[in-house]
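Take a look at the structure set out below.
What follows draws every value from the coordinates through simple rules; no lab data is involved. Bear in mind that the values here come from a model prediction, so they are computed numbers and not experimental data. FYI the Cβ positions are ideal-geometry reconstructions off the backbone, even for glycines, and counts take in every protein chain you see.
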Amino acid sequence: MLKRIPLPDQFDRIIIGGGITVGAIGVPLGIVLVTLVAFGVISAPEMVFFVAAIIVILGALGCVLLPNIVHAALSLTATLIGVAALYLLLMSEFLALVQVLVYGGGVVLLLLFGLMMTNAQDDPVVTDGSQKPFAFLLVSLLVGTFITLLLSGDWGNPTAHVVPFELFGERLFREFALPIIVVAVLLDVAITGALVNVHTATDDLPEESE
Amino acid sequence: MIPIEYFLTLGAILFGLGLFGVLSRRSAILILMAVELMLAGVSINFIAFASYLDTDAFSGLIFALFVITVAAAEVGLALGIVLRLFRERRTSNVDEASDMRW
């Protein structure tokens, strides 16, 4: 269907068509949400939550369903930025900052570099039977159980509280000092392991003449 | 105020979508992306519990920070392995790297 949109060839039809579709769905949805807020059916934070939740779920669907690997990576970026917005709604600014920095910047960039270096094609064509029906069955059972259980629980009526940066840092570096050190060692080992793993692969290449 | 159930439901859905991706994808890098989705779902749950129910100790926030750190380390290391696999076999399809499966 997207092939029939009259566009110059240098545009990526999936991205542009996806953007048009998202706009066509998103603008009426936004009008509906703003109207609901104006009539007092839902509060303003709830409206922000719904917008962020829609972005997160659509991005996650795109990430697991799109056949093109670069489109999946871009969808993942949208999801992770939406998750950062959810962290802001949960009153934890520090983690929202970390999420945008580490995921929005680092991890997605690393994944895209990995895509380029492995010259990865799209998701391989399945020849021995798709696992999607089995995966869908298992996931729907699991998520159904989760949601049934958590909706039947009695959570009271709690409200979110802000944790000040000072308290957070104090608790992090006093009571959790040992886990911080363990994580530091873990990061060190991971970086060293990745370097060693990639480096030894070049040993059997012919050495340059001096 | 937003009820806590909204966040928990969203976390469960995100975890489920990530699990679906892990089970159904064949490319190693796409599986890594789906793992990131699962970790994001778990982090949402941690932070929701911390900021709604555990406001004095807020251990969930610190756990979420550790989750993010470990996820970053995991992506770096796993991409190193995928790169190595690609150099040796010219593929990043996990079906073609099942030598150690019994």
Quickly work out the A:Ile57-to-A:Leu187 label distance, labels modelled 7 Å from Cα along the C-beta direction, and quote it in nm with one decimal. 3.5
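What is the order of A:His199, A:His161, A:His71, fewest Cβ neighbours within 10 Å to most? Can you show the working numbers first?
Values: A:His199 11, A:His161 15, A:His71 18.
Listed from fewest to most nearby Cβ atoms, that is A:His199, A:His161, A:His71.
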Once phi is turned into θ = phi - 60°, what whole-Hz ³J(HN,Hα) does the Karplus curve with 6.51, -1.76 and 1.60 give for every residue of region A:77-83, x standing for Gly and Pro? 4, 4, 4, 5, 5, x, 5
Binned at 10 Å from 0, what are the whole-percent values of the Cα-Cα distance distribution for region A:38-95, short to long? 25, 39, 26, 9, 1
Solvent-free Debye scattering, log10 I(q)/I(0), computed from the Cα coordinates of region B:50-102 at q = 0.16, 0.17, 0.23 Å⁻¹: -0.63, -0.66, -0.87
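Just to check, using Stokes-Einstein with a Kirkwood Rh over alpha carbon pairs, what's the diffusion coefficient of region B:1-75 at 20 °C and 1.002 mPa s in µm²/s?
Numbers: Rh = 12.9 Å.
Reported coefficient: 166 µm²/s.
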Calculate, in nm to one decimal, what A:Ser130 and A:Val37 gain on full extension: separation in residues at 0.36 nm each, minus their alpha carbon distance. 29.1 nm
Could you tell me whether region A:1-117 comes out rounded, prolate or oblate from its Cα gyration tensor? Rule is a ≥ b ≥ c as square roots of the eigenvalues, rounded for a/c under 1.5, then prolate if a/b exceeds b/c, otherwise oblate. oblate
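If I take every Cα pair under 8 Å that is 6 or more residues apart in chain B, average their sequence separation and divide by the length, what percent do I get for the relative contact order?
Numbers: 90 pairs, mean separation 27.4, N = 102.
Reported as a whole number, the value is 27 percent.
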Taking region A:28-123, which chymotrypsin sites (Phe, Trp or Tyr not before Pro) meet the DSSP loop condition and have no more than 10 other C-beta atoms within 10 Å? A:Phe39
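Using only C-alpha positions, report the orientation-averaged shadow area of the convex hull of the protein assembly as shown, nm², one decimal. List each step's numbers first, then the result.
Details: hull surface 88.5 nm².
So the mean shadow area of the Cα hull is 22.1 nm².
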In whole angstrom, the spacing between the Cα centers of region B:68-102 and region A:17-70 equals 34
